[in-house]
Ligand code: ACO
C-alpha cells in the first residue's frame, strides 16, 4: 500500500497525491492545490496548534490517552524513583544517562556556576518589595544574558554548552536572591557542599546558622518535583522557547520568553490557582456546590484537564505519593483533605468523566510547595527552575535540526482591503 494521501478538490475535480510520513502530511505539500494558477494555494487552519506537529523530536514521549510520559524513552516513574534532577537534566540535554565520570563532571560544573555577577544584584535590589517573583525571574534572566555577550554564538557547541550550564546553575540563585530581597533578608550565597535542590533551599531559608541543614526528605521531594517538571514536549512555554530561539536570539532571552509563557494561569500559573481555589472552597462541605458552579461554566476546576492527557497525568500520581512523605516531616497540609475529596467527587461526575478531565501535574504540587514554606506567588518559579533544562534541550535540538527555520505562521486575513486614508477632520 503506498504511503500517500489522495486528495480530491471538488472545486476543480483535480486529485493530488501527498506523501505520508509518520502519519503526517507536510502542510506545504497542500500549496499545490489551487483553483487558479495565481492562487496562493491551500493552507491548514489550526489555531492553538491542536493538530500540527511543529518539529521532529527525540526528547520526550507522551501518550496522552494512556497516561504515559517518558524522557528519552525512560518512564517518568523510574526517573522519579531512581534519578536526580541533575542526572535527568543531563539525560534530556544529551540523550543518554551519564556514566559516573560524566555525572560527577556535570554536577561539579553546575555547582561551580551558581554565583551571580554582583552587578546583577543591583537589578534584583531595584524591584519593589511586592514585585511578582515571575516578573523578577523573567527580567533577571534576560538581564543575565547581558553579562555574556558571547552567548549569541549559538552555533558554537562549546559556547552553547557554557550558557546551558550557567542558566541551569544560576536560576536557583536568581530565584533565591529575589525571594530574600522581597522579604528584606540578606542574600544567602550558594554552598558548594549541597545538592542542587538543597542549595536552592539554602538560598531561600538559611538564617544565622553557619551551615544550612537540609532535611533529606524535603530535599528528595523537591528533587522529584524538579524531575517531573523538567520537560513536557511541545507545551506552550517550550513552543515559545523554540519560536523565540528560531530567530537565533541568545538562550537567556529565549528562556526569558519561555518563562513569560509559563507565567499564565492556564500553564505554569495553575499550581498557584489551585491553592486559591482550595482556599476559596474552604471545607469539604462546600465541594458539591463548587463543582456545580464549575459545571455551570463559572470558572474551571484548576489543576484539572490537559490538552494532551485524556487520562490521569502520571506526574500527578507521583506527586500525590510524594506529598505524603513531605507531610510526615512537616505535618499535613490542611488543604489536602479538600483536594482529595474534590478529586474523588470530580472523577465520579459525568461532566468530568465525559470530557476526560483528570488531575494534572499542578493539582497536588502546590500542596507540597506550601508545606516546604515556599510562598504561593513563587510556585510558578518552582516550575520554571527545572523546566529550563527541557527548554534548553528542545532549543538545542531545534538548532541542530536542518528542517527548522525562523518560525512564521500564516494567517487568514479577514479585514478590509484597499480603503482610502480619511483625513482626521472627515472621520
Ligand atoms: N474545569 C472544568 N471544565 C474544564 C476544565 C476544567 N479544569 N478543563 C477543560 N474543561 C472543559 C472545557 O470547558 C470544555 O468543555 P466544553 O467541551 O463543554 O466546551 C472541555 O472541557 C474541553 O476543554 P478545552 O478548554 O477545550 O481543553 P484545552 O485542551 O483547550 O485546555 C487546559 C486545556 C488549558 C489545561 C484546560 O483543561 C484548563 O484550563 N485547565 C485548568 C487550568 C490548569 O490546570 N492548567 C494546567 C495545565 S497543565 C500545565 O500547564 C502544566
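The values are calculated or read from the model by the stated rules, or taken from the named source; none is laboratory data. Here the structure is a predicted model, which means the values were calculated and not measured. FYI the Cβ positions are ideal-geometry reconstructions off the backbone, even for glycines, and counts take in every protein chain you see.
Summary of values
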read-out: Residue tally, condition touching a strand residue (DSSP E or B) at 6+ places or on another chain (Cβ under 8 Å) and either without any contact (Cβ under 8 Å) to a residue 40 or more places away in the chain or within 23 Å of residue 402 (Cβ to Cβ) (or both), over the stretch 216-266; value: 2
read-out: Yes/no for residue 350 being within 15 Å of the ligand (Cβ to nearest atom), assigned by TED's automatic domain parsing to the domain that holds residue 281, modelled with pLDDT of 95 or more and on the phi < 0 side of the Ramachandran plot; value: yes
read-out: Subset of the stretch 84-125 (residues that are within 21 Å of the chain's Cα centre (by Cα), without any contact (Cβ under 8 Å) to a residue 24 or more places away in the chain and part of a loop (DSSP other than H, G, I, E, B)); value: none
read-out: Residue within the stretch 400-412 that is more than 11 Å from the ligand (Cβ to nearest atom), in a helix (DSSP H, G or I) and not assigned by TED's automatic domain parsing to the domain that holds residue 245 present; value: no
read-out: Residue identified as closer than 17 Å to residue 204 by Cβ and at pLDDT 95 or above among 154, 171; value: 171
read-out: Condition met for residue 74 (at pLDDT 95 or above, under 24 Å from residue 93 (Cβ atoms) and away from the ligand (no atom under 16 Å from the Cβ)); value: yes
read-out: Of residues in the stretch 265-280 being surrounded by fewer than 24 Cβ atoms within 10 Å (Cβ to Cβ) and under 11 Å from the mean Cα position of the chain (by Cα), the one nearest to the ligand (Cβ to nearest atom); value: 267
read-out: Criterion (within 20 Å of residue 398 (Cα to Cα) and modelled with pLDDT of 95 or more) met by exactly one of 254, 182, 188; value: 254
read-out: Where residue 343 falls short, out of the listed (1) within 11 Å of the ligand (Cβ to nearest atom); (2) assigned to a helix (DSSP H, G or I); (3) under 26 Å from residue 226 (Cα atoms); value: (1)
read-out: Filtered residues of the stretch 312-324 (kept if touching a helix residue (DSSP H, G or I) at 6+ places or on another chain (Cβ under 6 Å) and more than 13 Å from the ligand (Cβ to nearest atom)); value: 318, 320, 322, 323
read-out: So residue 297, is it without any contact (Cβ under 8 Å) to a residue 24 or more places away in the chain and near the ligand (Cβ under 10 Å from one of its atoms); value: yes
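Quick grid of which residues meet (1) surrounded by fewer than 23 Cβ atoms within 10 Å (Cβ to Cβ); (2) assigned to a helix (DSSP H, G or I); (3) away from the ligand (no atom under 16 Å from the Cβ):
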residue	(1), (2), (3)
356	yes, no, no
366	no, yes, no
370	yes, yes, yes
374	yes, no, yes
377	yes, yes, yes
382	no, yes, no
391	no, yes, no
